[in-house]
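What follows is calculated from the coordinates using simple rules that are stated; it is not laboratory data. Please read all numbers here as calculations on a predicted model, not as lab measurements. Every residue, glycine as well, gets a Cβ built from its backbone with ideal geometry; the counts of neighbours run over all protein chains shown.
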Amino acid sequence: MVYAQSVIDQRCIEHSLKNVRDKCRTELKGDDHREQRRQLLQEASAVYQAESAEQAKERLAVWSTQWGEVAHESVATFERDFDATIAYYQLEGVTLEWVRSTSLLERVNRQLRRKFRQALSFGSNVGAEVALYLQIQRLHAKWNRTSWWQTSHALSLNLQQIYHP
Amino acid sequence: MIEVERWSATVGHSVGLRTINERINQLSPLVHQFHHTPLEQIPEVIQLDGIWVTITEQGEVVVFDRRNRARNERHGKKRVILVALGFWTENGEEKREIVDWQIAESEKHEEWEVLLHRLVKRGAKADNGLKAIIRDGCGGLGQAVEWCMHRV
């Protein structure tokens, strides 16, 4: 297989930790294990605070040994694809918030979903596409600190150019 | 109908459903342009994820409403919006934008590939400065990323 210049494929650490949380809820059930669950997750989360990929792997090994007996399925879940969740250590000078998880996108998606709940009915896919497009333009205007008036004015000019080039 | 009333209230007079549809269709070239214009700024990082929504569509069956008007029956369909959020730094300032999206029937790799191929075509590739793709563990997405971003 021939590979192009490399784009790092990073798996979201929040999803990984959520999977561990879900698994340990079934393994360490009930109020009696609440403190144990909390500790397991706190320590799992601390693995990603390592300063390098090697250190993260060492922390994982320690964590796995510690929890292997009482929560072996949670350990297996965390170990699965672990390397894909620490790919971001290869990146230098990139904001950590962008590369460790998809949390920022999930926040955006919640805003888009809210819009779809408001405008439930679309006569066709075109209607849904246009509604989505306008909502995205609104978000971009907000992020770029541009007023909606300026944005909609620019869109209108753009549209005129499309229809009357 | 609530939406029609809201539009009417916004513009200050009654707006018909047909007018709204005409306006929407007039805007659709902007959507096409958005999906196909080369990216002005290539993001360093792109986050990918899908959101499931219900889109109400018009069916074939004709029913009569309270005022006895013939209307096509409507039914909700689950659709997933595949979203790509890009991040980059410009003049020392962190920027983000939704660089593309795709309304799809599922999160299978074929659907993700449509979005990713388009992004690559618009310039989002390693040669131009794309450094990383961030995603969840959805199997289809992983396969699509490998196909579109790694193979030559």
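Points to keep in mind about this one:
- Counting only other chain Cβ atoms within 10 Å of each residue's Cβ, the peptide B:49-55 averages 6.
- Translational D in µm²/s for chain B (Stokes-Einstein at 20 °C, 1.002 mPa s, Kirkwood Rh from C-alpha pairs): 117 µm²/s
- Note: relative contact order over chain A, using C-alpha pairs below 8 Å and six or more positions apart, is 26 percent.
- Contour minus Cα-Cα distance for A:R114 and A:H140 (0.36 nm per residue): 7.7 nm
- Between the stretch B:28-107 and the stretch A:52-91, the alpha-carbon center distance in angstrom: 36 Å
- Applying a length cut-off of 24 Å (Cα extent along the axis) and a mean Kyte-Doolittle floor of -0.5 to the DSSP H helices of chain A leaves A:125-143.
- Taking amide H as placed 1.01 Å from N in the peptide plane, B:S106 has its amide H under 5 Å from the amide H of B:V80, each at least 5 places away in sequence or on another chain.
- Shape category assigned to the stretch A:72-165 from the gyration tensor of Cα positions, a/c cut at 1.5: prolate
- Overall form of the protein assembly as shown: prolate. Here a/c, set by the Cα gyration tensor axes a ≥ b ≥ c, is 1.5 or more, and a/b is the larger of a/b and b/c.
- Placing +1 on the Cβ of every Lys and Arg and -1 on the Cβ of every Asp and Glu, with no other charges, gives the stretch B:38-150 a dipole of roughly 640 debye about its Cα centre.
- For the stretch A:1-148, the residue among A:S101, A:S6, A:Q111 whose Cα projects farthest onto the positive side of the dipole built from Cβ charges is A:Q111.
- Spacing of the modelled spin labels on A:H164 and A:T65, each 7 Å from Cα toward Cβ, amounts to 7.6 nm.
- Placing R0 at 22 angstrom, the Cβ-Cβ distance between B:R23 and B:E90 gives a FRET efficiency of 0.10 after rounding to 0.05.
- Residue among A:L155, A:L60, A:H140 farthest towards the positive dipole end of the protein assembly as shown, charges placed on Cβ: A:L155
- Simple Cβ-charge dipole of the stretch A:21-117, Lys/Arg +1 and Asp/Glu -1, about Cα centre, in debye nearest 20: 940 debye
- Structure remark: mean-square fluctuation, Gaussian network model of chain A, C-alpha springs under 10 Å; the largest value among A:L40, A:L96, A:L155 belongs to A:L155.
- Estimated translational D of the stretch A:15-134 in µm²/s (Stokes, Kirkwood radius over Cα pairs; 20 °C; 1.002 mPa s): 126 µm²/s
- Residues considered: B:Q58, B:Q33, B:Q41. Largest GNM mean-square fluctuation over chain B, using C-alpha springs under 10 Å, is found at B:Q58.
- Karplus 3J(HN,Hα) series, Hz, for the stretch B:36-49 with 6.51 cos²θ - 1.76 cosθ + 1.60 (x for Gly, Pro): 10, 7, x, 5, 5, 10, 7, x, 6, 9, 10, 9, 10, 6
- Assigned charges on the beta-carbon of Lys, Arg, Asp, Glu; the stretch A:103-163 dipole about Cα centre (debye): 360 debye
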